[in-house]
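The structure under discussion appears below in the form of structure tokens.
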Amino acid sequence: MSNKFKNPPILLVEDNPVDIDLTLRAFKKRNLTNPILVARDGEEALNYIEKWDAGEQVPLVILLDLKLPKIDGLDVLKAIKSHPEYNTIPVVVLTSSSDNNDIENAYKLGANSYIIKPVNFDKFVDVASQIELYWNVLNEPLI
């Protein structure tokens, strides 16, 4: 998987409009320059595979909720991590579920990180800051 573009997007897979708004506002407050793409259900998320095959820019990281309509987040994670070309895209599970089974299954399927969504906006900004710092500054992507 090569990322020939300079400013790759972040793919947010989230069905809750409030959480989408919270995430977008948190990243905006952090002055994140990466474009944020939003998939509102699991099926829409998996449709990105065809878009990437057609030459659309592959995301820097995928922020994935687990409780999604149409196709469950764990199934989305499994499909991406089992894909021969896109399995190296980092996937951060960003969900309200603190269920141990969800956490264990997410890591078994290849999640790179598991973050429980904070409900407070200031805490969410802290989470956005940490995501930005790690994935944009500290992490060395596969090129």
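None of the figures in this text is laboratory data; all of them are computed from the coordinates on show. All of these numbers come straight from a predicted model, not from anything done at the bench. Cβ: placed from backbone, ideal geometry, glycine included. Neighbour counts: every protein chain shown.
By other beta-carbon atoms within 10 Å, ranking Asp122, Asp72 with the fewest at the front produces Asp122, Asp72.
Working note: 222 nm ellipticity from helices only, DSSP H runs with n ≥ 4, each -39,500 (n - 2.57), summed and divided by the residues of the chain, gives -11500 deg cm²/dmol to the nearest 500. Of interest is the spacing of the C-alpha centroids, which for the range 89-110 and the range 2-58 amounts to 18 Å. Residues in the range 25-35 carry Karplus couplings, in order, of 5, 5, 5, 5, 4, 7, 6, 5, 8, 5, x Hz; the curve used is 6.51 cos²θ - 1.76 cosθ + 1.60 with θ = phi - 60°, and Gly or Pro positions show x. Enclosing the Cα atoms of the range 44-112 in their convex hull gives a volume equal to 77 cubic angstrom per residue. Split the chain at each of the trypsin sites (Lys or Arg not before Pro) in a DSSP loop with at most 11 other beta carbon atoms within 10 Å, and the longest piece is 7-143. Using +1 at the Cβ of each Lys and Arg and -1 at the Cβ of each Asp and Glu in the range 1-113, identify which of Tyr86, Asn7, Ser97 lies farthest towards the dipole's positive end. Value computed over the given set: Asn7.
In units of 2.2 N^0.38 Å, what is the alpha-carbon radius of gyration of the chain? List each step's numbers first, then the result.
Working: Rg = 14.0 Å, N = 143, 2.2 N^0.38 = 14.5 Å.
Normalised by 2.2 N^0.38 Å, the Cα Rg of the chain equals 0.97.
Karplus-based coupling profile of the range 51-59, in residue order and whole Hz: 5, 5, 4, 7, x, 5, 4, 6, x, with θ = phi - 60° in 6.51 cos²θ - 1.76 cosθ + 1.60 and x standing for Gly or Pro. The ranking of Ile103, Ile10 from fewest to most other beta carbons within 10 Å of each one's beta carbon is Ile103, Ile10. Per-residue 3J(HN,Hα) values for the range 9-14, derived from phi via the Karplus relation 6.51 cos²θ - 1.76 cosθ + 1.60 with θ = phi - 60°, read x, 10, 9, 9, 10, 8 Hz in sequence order (x marks Gly and Pro).
Taking amide hydrogens as placed 1.01 Å from N in the peptide plane, the amide H of Val61 sits under 5 Å from those of Leu11, each at least 5 positions away in sequence or on another chain.
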